[in-house]
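One structure below.
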Amino acid sequence: MTSRPIGKDVPRVDGWAKATGSALYTDDLSLPGMLHGALLRSPVPHARIAHLDTRRAAALPGVKAVVVGSDLPAVRYGNWRLVPTTQDELALARDKVRFVGDEVAAVAAVDRDTAEEALALIRVEYEPLPAVFDLDAAMAAGAPVLHEATPDNVSVTRKIAFGDLEAGFGASDYVREDTFTVQAVSHAYLEPCATLAQADDLGRITLTTSTQTPYIVQCLLASTLGLRENEVRVVKPAVGGGFGGKMELRPWDVCAAFIARRTGKPVKFTLSREEELATGRRRHPMRLRSRVGFKRDGTLMAKDFQVLLEGGAYNSMGPTATFLVGNFGAMLYRYPAYRYAGAHVYTNHAPAGAMRGFGAPQALFATETQMNMAAEALGIDPIELRLKNAMRPGDEIPDVATVGTCGFSECLERVAEMSGWREKRSQGPGKGGGKGLGIGCYSFITGGVFNWFNTPYPFSAAEVRAYADGTVHLLTMASDIGQGSDTVLQQILAEELGIRMQDIHMTAGDTAMTPKGDLGTWGSRVTLMAGNAVLEAARQVKEELARMVSLRFDLNVVQEVELKDGMVRSKFRPDRGIPFAEAVAMAQKANRGKPVIGRGTYTPRDMGLVTPTFSFGAQVAEVDVDRETGVTRVTKVYTAHDCGTVLNPMAVDGQVHGCIQMGMGYALSEELVMRDGKTVNASFLDYKMPGALDMPECEAVCVETHDPRGPFGAKETGEGPISATAPAIADAVWHASGHRATALPITAEKLLAALDGDDSVAGERRAEASCAVPDPRPRG
Amino acid sequence: MSLCKFAYHGPDTLDEVLALLAAHGPAARVMAGGTDLVVKMSRGQVAPAVVIGLKRVPGLGDLHFDPVRGLELGCMTRVSAVLEHPAVAAHYPALAEAAQATATVQIRNMATIAGNLCNASPCADNAPTLVARGASVELRSPRGHRALPLAELFRGPGQTVLAPDELLVRITVPPPRAATGFAYLSLSQRSAVDVSAVGVAAGLTLADGRVAEARIVLGAVAPTPFVATAAADALRGRNPDDAAFRAAGAAAAEACAPIGDVRASAGYRRKMVAVLVRRALERATARALGEGTARAARQAEVTP
Amino acid sequence: MKQTIRLRVNGDAYEVAVPPWRTLNEVLREDLRLTGTKRGCGDGDCGACTVLLDGRSVTSCLMLAVEAVGHEVTTVEGLATARDALHPVQAEFIAAGAIQCGYCTPGMELSAAYLLSRNPAPTDDEIRRGLSGNLCRCTGYQKIFEAVRRAADRLKEAARPDAAAGDPATGGPAGGDPSGGGARP
């Protein structure tokens, strides 16, 4: 393997383990004497718990613990530790339940059958309360209140404003206002959540859990149980995807740890798919009203963006979402004046949380669809309209963020070229025999800089230990949940130290064994933040070894020494140098055995409120609409994206493709359908995420920039592209059929109804969904 | 969730199966492929005290084709066996289309056609084509055996005329007829994994360039497979053309009684019946018109 | 309620006492500790639990363990013959970048191995159909399609009469078994 892995298709470092089935995920683990946990969930959306009787469950042979809310410390938790009033969750309900699925009790028993049997023996009397299931009902005067501290059910509001809005609209030749609605969708990671807790003699906890944020889980679990932070060790094993859905402390973590402390036995909880879909986190449904003004020539003048987020029963990551929607609403284009107001509203639904692209898929479905509508009205090609207004390097959202590198215009040009846009789009809507193509664009953050978790530690950290046998140990809390960060971080280390990938051994995602801290995997932060930490640690090792070798060969340490091909040597006289291993030995001997260790950290400073740097991209989707059935097939998706310098092209492709799958589901088929607070389609049969037969051909090119803030110039790629897909498909559906969708998903049924001018169908479906349960599976 | 607790019997002979059924009555469930029963048991929708597995009984999974007697499927014939059998591809392409539309590769490797029928789900993909082809089923019990047209097997969603001690042992499909073609089309939001929101089997026999006889059977739009008799009969004597097929589609849509659920509204299902009936009749006509056309259509549509 | 059953998994015989309501998935994972077989939904929808039963792909979550008696079960642990002798499907999944979180991977690989055992030269459409019973949320499937194409090519290469013994470095099968290399059908 090359010693210069940056920019190459380096296979995953955990590829062998995953390909052979030997990679261990939480539910694969089992310990002697381990108890199996199960959760009792509320069957009603909003109720006071009048009476709870666990005696029969506790008496069942094999049951070792039955826990209810009053057993646990009454410490509320939530990710927004910076603002404690936003922390509104308890692991188990104390007085009332707020959504169907709210956790009420936990049982641990010698086996799963017994635990499930015990759940059935717990008696709960609920005193029903009126419930609210949509924004309007929740915000109406006199609406039922979910949390006493929030009598209007609006838990968070955020504003962003710059420029003279009235003047902007006043000077506009063309102003339009549209309202968009987007639905709840599931992360649908393939590995359901699981957690395994062990306690030691002092009651200290080791929690192995399917998480993307070990540090957050560590801190919140400790405070919830009244422990000090480091009396909890969180270990992240292999994680089967997260997409934002595994970045919080969850009730099963608390219950497992609590029961392990009480019984002294290891306890494991594993969720079912039904629990995941029916009660798990989801993407915020939103209603977005956007008013936008243009000059006749297409110059953007002003935008007024008002957004309501349906948060469900608890805040979760809602405060971040409420801000980010407004941030993304101001991205991509140069708005001389902009105003955003967002409100996060409680309802009696399962809470929404962070999800891939966080806030951007909603904001950009509205923004991009509206751009396409405006282009049509102004008679300007949508790509031309975008080019006219595209953000450029150095642009800013005043007091919020500054754009560093920006290849957006190049992305637009490239995607137009790749897709044959100008020729294919010359035909008007509905003229292509059911075929059409459309465009959507994105920008996304490369890590967040706002310290909502209020961590006193660095945002990322890494330690590099070089050994005299030529191997190197990399330790970092950064969490690979499938995106491939372990591989990229090792690439960065190998590149910087001039060693091979197989020379590196890695410990990651373990709060006791890796340097503090790391905020986890979210906001596309790992490559940039942990990557910079690794780079800094590697440079310390490099410097020490270079000094040794320069002394021995009398080289200029600053200009002349390189670490390459496993050697530490002169750049100009390669014979003047020694192997990496020897250099380490030399350094240790020279320092009385002191190990060669580099320590790096990364914490952003003076980078606004949002991110060190933004990615950009443009996407064109081609579709085929069956006019008679309303079925849309996506046939091809072209993406041109600026993710800075590409560190691993194969991994970048994989992220883009994954975003397209998720974005396409968002556009056409995915939706958690709710009825009276219950999720009607809580199975993969009826929650329709795209399969192998649905996927279009995907073609992607990188418009490379070199971002000075990213390691080797890199920016994010794992989340941004998802936001372009839904507006691109919606625009293509318009081009193919003439129908402009302002609500997602564009199901076959809704599209056909729209094309037939039939307004009743969507309403009819909703009404009927409330009175019919899906058929059983038609199998043999 | 864990499955409900039950006693399992895996008898070696059909007589033992029937004896167990007679002994346990409604407390027992027969497990063929198990792909539906296991899900129902894990979700607590059924909780049989006894499960009688058929996998060990030899011969139940056979599939025979005879140009005179037709096609015979045992009660353990897997969906994939139908899909892969050359005689089915050659003479019963619509059956292969329905098999292809059933769930996923893995489920087709486990699930049986008989199980798909006995579950009596309104959206079972294999029922409409078999009903349209005039299939009959043989039911056995310790009391004897009886044969009945498949259409008479179904009583409602999840309900059949099978007595608690009866087992569906064989499905017989009449031999192919000259100048006759059948087709099955289904529609769902997604391409695989899925259940069909609407399924349409259509067939016709041509004589002197006109429709001599037609059959239209709909799935997922009524409590049981819906035989659109009037819509099919109105085709008799007409040219097999667009106008005739549109009329048949409209008539079938009018006659059926779909419900709305999370998969589709009643109104959408009805509209889709009209579209799919017309398209299925077009494809059936192509098949009726000649082997060459039929083969091309088969190859285009069915990939095992 | 437990009964002792004999299972054959990856060529090995196991005797295990299980109640009849245990699925093959549960017994593989919990009793035999073959945790490479995953459980993604328990409904047979996602395919993460796919194993081969006498060479045919099935979802182990929908099969009772007692019904696997008398059959040969192949799990992902049985695909490779040695640490450095991966099944071509496994080797190409790694090389093509077809793996991200890895949770769908074992089931996906078994579906791919099953497809290639029946159709050594699948078209792109046949690959998609062959994998349509396995959901993936990470990769968008593109790299998985590519891996299967490459595995098919490699199996074809290995099946040529003049092909030399397999290359241990790349995990190609020694000899010419087009039906799925290390898989035991």
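Every number in this text was worked out from the coordinates using simple rules, so none of it is lab data. Just so we're clear, the structure is a prediction, and the values are computed from it rather than from any experiment. Note that each Cβ is placed from the backbone with ideal geometry, even for glycine, and that neighbours are counted across all protein chains shown.
What is the packing order of peptides A:524-532, B:37-45, taking the mean over residues of other C-beta atoms within 10 Å and listing the highest first?
So the order, starting with the most tightly packed, is A:524-532, B:37-45.
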Quiz item: Hey, quick one: spin label on A:THR263, modelled 7 Å out along Cα-Cβ, who in the range A:62-95 has an amide N within reach, i.e. under 15 Å?
Solution: A:62-68
Quiz item: HN-Hα J couplings of the range C:79-89 from phi, Karplus 6.51/-1.76/1.60, θ = phi - 60°, integer Hz, Gly and Pro as x?
Solution: 6, 8, 8, 7, 3, 9, 10, 6, 4, x, 5
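Sort the following peptides by mean Cβ neighbour count (other Cβ atoms within 10 Å, averaged over residues), highest first: A:160-166, A:553-559.
Those peptides, ordered most packed to least, come out A:160-166, A:553-559.
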Quiz item: When the Cα centres of the range A:485-550 and the range A:196-258 are compared, how far apart do they sit, in Å?
Solution: 24 Å
Quiz item: On average, how many beta carbons from a partner chain sit within 10 Å of the beta carbon of a residue in C:19-26?
Solution: 5
Quiz prompt | Among the listed pairs A:LYS636/C:LYS38; B:LYS5/B:LYS40; A:LYS18/B:LYS40; A:LYS678/C:LYS38; A:LYS431/A:LYS636, those beyond 21 Å (Cα-Cα) | solution = A:LYS636/C:LYS38; A:LYS18/B:LYS40; A:LYS678/C:LYS38
Quiz prompt | Over chain A, volume per residue of the alpha carbon convex hull, in Å³ | solution = 171 Å³
Quiz item: What angle do you read, to the nearest 10 degrees and between 0 and 90, between the alpha-carbon axis of helix C:142-159 and the longest principal axis of chain C?
Solution: 70 degrees
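R0 = 41 Å: FRET efficiency of B:ARG155 with A:ARG176, Cβ-based, nearest 0.05?
Efficiency for this residue pair is about 0.15.
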Practice problem: Report the calculated FRET efficiency for A:ASP53 and A:HIS473 (r = Cβ-Cβ distance, R0 = 60 Å), to the nearest 0.05. | Solution: 0.65
Exercise. Quick one: compute a quarter of the convex hull surface over the Cα atoms of the range A:448-576 and quote it in nm².
Key: 8.7 nm²
Quiz item: If you project the alpha carbons of the range C:3-78 onto the principal axes, what extent comes out on each, in Å, largest first?
Solution: 29, 24, 19
Self-check item: Helix runs (DSSP H) in chain A reaching 24 Å along axis by Cα, Kyte-Doolittle at least 0.0
Solution: A:360-378, A:526-553, A:649-668
Quiz prompt | Long-range amide H partners of C:HIS87 with built H, under 5 Å | solution = C:ALA80, C:THR81
Quiz prompt | Spin-label model distance (nm) - A:THR507 vs A:SER426, 7 Å beyond Cα toward Cβ | solution = 6.5 nm
Self-check item: All lysines inside 19 Å of A:LYS542 as judged from Cα atoms, apart from same-chain residues fewer than 8 positions distant
Solution: A:LYS564, A:LYS571, A:LYS589, A:LYS594
Quiz prompt | Interchain or long-range residues, amide H under 5 Å from A:VAL631's placed H | solution = A:ASP626
Self-check item: Point-charge dipole on Cβ atoms (K/R +1, D/E -1) for the protein assembly as shown, about Cα centre, debye to 20
Solution: 740 debye
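Inside 10 Å of the C-beta atoms of B:109-120, what's the mean count of C-beta atoms belonging to other chains?
The mean count of partner-chain Cβ atoms within 10 Å per residue comes to 4.
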Exercise. Round to a whole angstrom and tell me the spacing of the C-alpha centers of the range A:2-55 and the range A:304-341.
Key: 31 Å
Exercise. Give the peptides A:501-508, A:736-743 in descending order of average Cβ contacts within 10 Å, highest first.
Key: A:736-743, A:501-508
Practice problem: Can you tell me the FRET efficiency between B:GLN45 and C:ASP125 if r is taken as the Cβ-Cβ distance and R0 is 30 Å, rounded to the nearest 0.05? | Solution: 0.25
Practice problem: Take the alpha carbon gyration tensor of the range A:669-711, find the square roots of its eigenvalues, order them as a ≥ b ≥ c, and report rounded if a/c is under 1.5; if not, report prolate when a/b exceeds b/c, else oblate. | Solution: oblate
Quiz prompt | Set of lysines with alpha-carbon distance to A:LYS295 below 20 Å, sequence-local pairs under 8 removed | solution = A:LYS303, A:LYS388
Practice problem: Would you tell me the mean number of C-beta atoms belonging to other protein chains that fall within 10 Å of each C-beta in B:47-58, as a whole number? | Solution: 2
Quiz item: A:ASP173's amide H: which non-local residues (gap 5+, or another chain) put their own amide H closer than 5 Å, with H modeled 1.01 Å from N in plane and none for Pro or chain starts?
Solution: A:PHE294, A:LYS295, A:ARG296
Self-check item: Rg(Cα)/(2.2 N^0.38 Å) for the range B:121-201, N = residue count
Solution: 1.26
Exercise. Report ³J(HN,Hα) in whole Hz for each residue of the range A:424-433, in order, from the Karplus equation J = 6.51 cos²θ - 1.76 cosθ + 1.60 where θ = phi - 60°; Gly and Pro get x.
Key: 5, 8, 5, 6, x, x, x, 9, x, x
Exercise. May I ask you to list the lysines whose Cα is less than 21 Å away from that of A:LYS64, ignoring any residue fewer than eight positions away on the same chain?
Key: A:LYS265, A:LYS268
